[in-house]
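S.K.: Below: one structure in structure tokens.
The values are calculated or read from the model by the stated rules, or taken from the named source; none is laboratory data. Everything numeric in this text was worked out from a predicted model, so none of it was measured. Neighbour counts run over all protein chains shown; Cβ positions are idealised from the backbone, glycine included.
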């Protein structure tokens, strides 16, 4: 007995498609509903930031990092300033570090809200979870606006600290915002984790074995979803993460559902971290004085943070000039795409969309 | 804390696994000879002592006189990170062996380095211009690529007297 | 069968609006010669039902209600800028759609592409002909109105296929293929489920079914819960509502068969989708929720008010599922239809037929036994649903779906039984 | 069956059905042909309605328009040359001959048969249809169902892949 073989044809998922989250294209060869080949096409949003950064001073480069992963600008700022501080050997005061942790974790909350919401949207839940997520994300963005004046591209971190001290009333506002999150996470958990349709759509879809995940350099929830306990906040603590009590959530099978549930649990952990950071917010200056035209000594540095999408690394090479000789971003969502083909081929078109949603890409970061 | 392996440790490990593979050593990194690159990387990945199973970052750098490809390798269990490098001095056709057979994650990063720096990764299954379109003139991240219109030279012209480059002649890669 | 109540034939008796139309017809018949009334009566019915009911409800309560309620479910306001509470939003929508550029792809089959939205409207109007708004308020009281409904409601599948195929677009073709596969499959359990109703009530007429429910003082949703569940799922599938909207599949196919439609051509599809949902709600309310009857209260309150109330309650169910549930994949959907719904519908039919035989032959159609049957059927539904799922190898997820938590970073953490293997 | 209305309807339906049937023949796009076929099915349903056989009319719509036409559409979709001109064939002469012969037979039969006219209204109700199908004609009815079931099972078996058979414990 033979299976019925259709005529394969190519279908372009993107560049303008509701589920590619930006101008990103998958050239999928499909046989009926089954994907037999997938090719990624990107570069629609390429702005050559790495080249532009070589023309600007170290401080001037901070706004660029906002615009790579525009959904987690605080984490991007943080990774970059950490790299510069490592290169130049600058110490950050305690208060500055605590503020950085608070902001980075709030950014993780906001970004995971978007990730979880968009992912459920990709599975076909008609906008409801994403709207709930947006409701809480808005409050986080309000906090950012209160602190840095901007909502999306905050440009808040500075080399040696943060741009401004926390405004008056921030702590109460932050606690009020935080209070909403456990409820949101429980709501999402109740609505999706127990939903048979959602489980049927996500469980066993886009399975990544731990070996595959490691070999394909995946990071963040993708890696943890496959059962690898890896979190740079724990493994290589920066900004005093070793003082905070939190845990790393890891998945079981490495399927789309595990990535989703890991993100949800990470949000819970972030809430925990922020509460601890707010409780023990030290006094003192928020920043050290750093010369405007900073000239770090000759050398190179690779610093990374655990961004919402995974290991966000910055590789800087200095030649004692006022601007980096080489500025390289290790973009988590770009490298997480490495395994897209392996995860989608063999599944249906609908599965491919779910897998893409579970990777949680930001096209600004892929193309840079 | 992640332990950053020093150049000596990295070189010792590479020499132990593949004798004669180390080109030179610096305090924080270790240069591998291109002809031994893939062999050494495979050995480092599979060696239980080093356990560098994870390619954290792959990045090409243009140093005017040479191209370097930087590999940041990571071990989860040992929690250590090491920086290996591989360099080529040929500016016309820089060729470095591909490590895609060792790490699948290198695939797109090597594509990117090829697209922006023009480093050809030998043995890469699908080397193409991942961001820019086919036929794009030149390699934008090279230091001699003149990107600005009007014949302006790249550099910090707005900071008087701090132009640090310009010594080597600027070529139009058109 | 008891007579529900004595409708006075006075034209001002608003308990039954058919008196009014009859009066008008009578006057027309007297005034005009020949068969003018013969031609006028369907027109009059059309005017009464379509212009006075379908169009306003569809435009206002359908579109606006859907947007407002889903907005509330998504913790936002919904339309609130046009008029008080956004009540003029449907009109604004229509004005926008009418003034929009209607794009046509160059290689589209233009005739079919233009024809499809027009043909899509036709069945949406036609199904209302047999929906009883009251004991006499029905345009065409034909004896086989249920079959008529099913016949007419099988046409949109075809029209959607035409629309999807005509664009020469791969996404649209995907949608078209999906709707055809799904429409044909889900019609089978739907008809099987309704067959159970027909066997129990012994009537193919919608009005007859309502009379039966009124006579025995029970709604068929209690008597045949399994049939109701199957009906609801199948109707959702036929209507492309969200848990099963794989033909539109916004996130996968970018609206499937609607991808290339724009302007009012899209607007017709959108509006008529809601009209079909309302029609299906009307059918569901009629068959399973007693239609215009309300345990004798319809003698005093206009029966069509009950009907419309039930209709919107049913329609709210559609909105609710749409605002809550994710979408199934097509292979899961087809497997669900053929492996789960279809056998259950057959079981249901078997049970109902047995009960009917016992009831009429052994128990002389005693009224009280209906309630015993209802209790038995509710029990049987639970047992059947659970056992058939178990038989197909499905086990509910009892264990935690939460991820494991570790304190230290390191390599791969193997899944041990203690940490929840084999969830 | 008298009065202006039914007569008008009869001629309108005849026109629609015949034009649609002609469209099936002349349209070179396979999908258009199928759509014309569907239109002609609908026209036939209209005739049934005109003959007071509502149930037959509805069954015609449900089965032919809702199911069979959709299956034909599937068949057409799986044909590679849907939109191509499908008119050219080497069998024009035999086809013409065959169709003329067939038409002659039909016209002869229609012309020569003495058609019975029934005076009373022949109401084919659902009850009578059901009684007939499960009473007098139960054997052909059941044989037809068995045949269809066999065809269904056969079709399912044809498209099953070995992997599916292996993984499906119920098979």
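S.K.: Taking the options B:101, B:137, name whichever one is outside any strand (DSSP E or B) and modelled with pLDDT of 85 or more.
M.R.: Result of the check over B:101, B:137: B:101.
S.K.: Mind listing just one residue for me: the one in region C:306-320 that is surrounded by fewer than 18 Cβ atoms within 10 Å (Cβ to Cβ) and under 25 Å from residue C:377 (Cα atoms) and, of those, nearest to the other protein chains (Cβ to nearest Cβ)?
M.R.: C:317
S.K.: When only residues in region B:19-61 that are assigned to a loop (DSSP other than H, G, I, E, B) and surrounded by 20 or more Cβ atoms within 10 Å (Cβ to Cβ) count, which is farthest from the chain's Cα centre (by Cα)?
M.R.: Result: B:50.
S.K.: Among the listed residues A:361, A:335, A:353, which satisfies the condition of being in a helix (DSSP H, G or I) and more than 9 Å from chain B (Cβ to nearest Cβ)?
M.R.: Checking each option against the conditions leaves just A:353.
S.K.: Any residue that is away from chain C (no Cβ under 14 Å) and modelled with pLDDT of 85 or more - is there at least one of those in region D:49-63?
M.R.: No - not one qualifying residue is present in region D:49-63.
S.K.: Only residues that are surrounded by fewer than 24 Cβ atoms within 10 Å (Cβ to Cβ) and within 9 Å of the chain's Cα centre (by Cα): list them for region C:223-232, please.
M.R.: Once the filter is applied, which keeps residues that are surrounded by fewer than 24 Cβ atoms within 10 Å (Cβ to Cβ) and within 9 Å of the chain's Cα centre (by Cα), region C:223-232 yields only C:232.
S.K.: Check region A:7-22 and report whether any residue there is modelled with pLDDT of 85 or more, within 14 Å of chain B (Cβ to nearest Cβ) and closer than 26 Å to residue A:355 by Cα.
M.R.: Looking for residues that are modelled with pLDDT of 85 or more, within 14 Å of chain B (Cβ to nearest Cβ) and closer than 26 Å to residue A:355 by Cα, one finds none in region A:7-22, hence no.
S.K.: Scanning region C:68-123 for residues that are in a loop (DSSP other than H, G, I, E, B) and on the phi > 0 side of the Ramachandran plot, which turns out farthest from the other protein chains (Cβ to nearest Cβ)?
M.R.: The extreme case among them is C:83.
S.K.: Among the residues of region A:295-309, which ones are within 24 Å of the chain's Cα centre (by Cα) and outside any strand (DSSP E or B)?
M.R.: Within region A:295-309, the subset within 24 Å of the chain's Cα centre (by Cα) is A:301-309.
Correct list: A:308, A:309.
S.K.: Can you work out which of the residues in region B:74-98 that are within 8 Å of chain A (Cβ to nearest Cβ) and in a loop (DSSP other than H, G, I, E, B) is farthest from residue B:4 (Cα to Cα)?
M.R.: B:76
S.K.: Something else about it: Given the criterion in contact with a helix residue (DSSP H, G or I) (Cβ under 6 Å, 6 or more places away or on another chain) and modelled with pLDDT of 85 or more, identify the matching residue among B:81, B:119.
M.R.: Answer to the selection: B:119.
S.K.: Still on this structure: Given (1) within 14 Å of chain B (Cβ to nearest Cβ); (2) free of Cβ contacts under 8 Å to residues at least 60 places away in the same chain; (3) in contact with a helix residue (DSSP H, G or I) (Cβ under 9 Å, 6 or more places away or on another chain), identify the lone condition not met by residue A:249.
M.R.: With (1) within 14 Å of chain B (Cβ to nearest Cβ); (2) free of Cβ contacts under 8 Å to residues at least 60 places away in the same chain; (3) in contact with a helix residue (DSSP H, G or I) (Cβ under 9 Å, 6 or more places away or on another chain) applied to residue A:249, the lone miss is (1).
S.K.: When region C:318-330 is examined, which residues are found to be in a helix (DSSP H, G or I) and in contact with a helix residue (DSSP H, G or I) (Cβ under 7 Å, 6 or more places away or on another chain)?
M.R.: Hits for region C:318-330 are C:318, C:319, C:321, C:322, C:323, C:324, C:330.
S.K.: For region A:192-228, what are the residues that are part of a loop (DSSP other than H, G, I, E, B), buried (at least 23 other Cβ atoms within 10 Å of the Cβ) and free of Cβ contacts under 8 Å to residues at least 40 places away in the same chain?
M.R.: A:226, A:227, listed by residue number.
S.K.: Let me ask another. Does residue A:321 qualify as being at the interface with another protein chain (Cβ under 10 Å from one of its Cβ atoms) and assigned to a loop (DSSP other than H, G, I, E, B)?
M.R.: Spelling it out, residue A:321 is indeed at the interface with another protein chain (Cβ under 10 Å from one of its Cβ atoms) and assigned to a loop (DSSP other than H, G, I, E, B).
S.K.: Just to be sure, is residue C:287 farther than 26 Å from residue C:119 by Cα, away from every other protein chain (no Cβ under 14 Å) and part of a helix (DSSP H, G or I)?
M.R.: Yes.
S.K.: Ok, one more. Restricting attention to region D:2-16, does a residue exist that is loosely packed, with under 12 Cβ neighbours inside 10 Å, more than 14 Å from every other protein chain (Cβ to nearest Cβ), modelled with pLDDT under 80 and out of contact with any strand residue (DSSP E or B) (no Cβ under 7 Å at 6 or more places or on another chain)?
M.R.: Scanning region D:2-16, I find no residue that is loosely packed, with under 12 Cβ neighbours inside 10 Å, more than 14 Å from every other protein chain (Cβ to nearest Cβ), modelled with pLDDT under 80 and out of contact with any strand residue (DSSP E or B) (no Cβ under 7 Å at 6 or more places or on another chain), so the answer is no.
S.K.: Separate question: From the list C:341, C:333, which residue is in a helix (DSSP H, G or I) and more than 14 Å from chain A (Cβ to nearest Cβ)? Don't jump to the end; show me each part of the working.
M.R.: Numbers: C:333 fails: more than 14 Å from chain A (Cβ to nearest Cβ).
Going through C:341, C:333 in turn, just one is in a helix (DSSP H, G or I) and more than 14 Å from chain A (Cβ to nearest Cβ): C:341.
S.K.: Could you pull out the residue among A:77, A:61, A:12 that is farther than 20 Å from residue A:291 by Cβ and in contact with a strand residue (DSSP E or B) (Cβ under 7 Å, 6 or more places away or on another chain)?
M.R.: Only one candidate qualifies: A:12.
S.K.: Being assigned to a helix (DSSP H, G or I), in contact with a strand residue (DSSP E or B) (Cβ under 9 Å, 6 or more places away or on another chain) and within 28 Å of residue A:335 (Cβ to Cβ), is that true of even one residue in region A:268-277?
M.R.: Yes, some residue in region A:268-277 is assigned to a helix (DSSP H, G or I), in contact with a strand residue (DSSP E or B) (Cβ under 9 Å, 6 or more places away or on another chain) and within 28 Å of residue A:335 (Cβ to Cβ).
S.K.: Further question: Filter region B:113-125 down to the residues that are assigned to a helix (DSSP H, G or I) and within 14 Å of residue B:68 (Cα to Cα) and list them by number.
M.R.: Of everything in region B:113-125, those that are assigned to a helix (DSSP H, G or I) and within 14 Å of residue B:68 (Cα to Cα) turn out to be B:113, B:114, B:116, B:117.
S.K.: Which of (1) in contact (Cβ under 8 Å) with a residue 40 or more places away in the chain; (2) under 29 Å from residue C:412 (Cβ atoms); (3) in contact with a strand residue (DSSP E or B) (Cβ under 8 Å, 6 or more places away or on another chain); (4) within 13 Å of another protein chain (Cβ to nearest Cβ) is the odd one out, the single condition residue B:42 does not satisfy?
M.R.: (3)
S.K.: Which of the residues that make up region C:141-154 are facing another protein chain (nearest Cβ under 10 Å) and either buried (at least 23 other Cβ atoms within 10 Å of the Cβ) or not in a helix (DSSP H, G or I) (or both)?
M.R.: C:142, C:143, C:144, C:145, C:146, C:147, C:148, C:149, C:151, C:152, C:153, C:154, listed by residue number.
S.K.: With the condition kept exactly as written, say whether any residue in region A:42-62 is more than 14 Å from chain B (Cβ to nearest Cβ), in contact (Cβ under 8 Å) with a residue 40 or more places away in the chain, closer than 30 Å to residue A:325 by Cα and in a helix (DSSP H, G or I).
M.R.: Taking region A:42-62 first, the residues more than 14 Å from chain B (Cβ to nearest Cβ) are A:62.
After this cut, where a residue has to be in contact (Cβ under 8 Å) with a residue 40 or more places away in the chain as well, the list is A:62.
Those still in the list that are closer than 30 Å to residue A:325 by Cα too: A:62.
Now narrow it down to the ones that are in a helix (DSSP H, G or I): A:62.
Checked region A:42-62: at least one residue is more than 14 Å from chain B (Cβ to nearest Cβ), in contact (Cβ under 8 Å) with a residue 40 or more places away in the chain, closer than 30 Å to residue A:325 by Cα and in a helix (DSSP H, G or I).
S.K.: If you don't mind, there's one more thing I want to ask. Mind listing whichever residues of region C:249-276 are under 17 Å from the mean Cα position of the chain (by Cα) and either within 14 Å of chain A (Cβ to nearest Cβ) or under 22 Å from residue C:381 (Cβ atoms) (or both)?
M.R.: Within region C:249-276, just C:273 meets the criteria.
S.K.: Just checking, which of A:312, A:340, A:281, A:292 is part of a strand (DSSP E or B) and more than 9 Å from every other protein chain (Cβ to nearest Cβ)? Quick ask: steps written out before the conclusion?
M.R.: Numbers: A:340 fails: part of a strand (DSSP E or B); A:281 fails: part of a strand (DSSP E or B); A:292 fails: part of a strand (DSSP E or B).
Exactly one residue qualifies, and that residue is A:312.
S.K.: Here's a follow-up. Would you please name the residue that is nearest to the chain's Cα centre (by Cα), looking only at residues in region A:102-127 that are on the phi < 0 side of the Ramachandran plot, free of Cβ contacts under 8 Å to residues at least 60 places away in the same chain and within 14 Å of another protein chain (Cβ to nearest Cβ)?
M.R.: Checked region A:102-127; the qualifying residue nearest to the chain's Cα centre (by Cα) is A:117.
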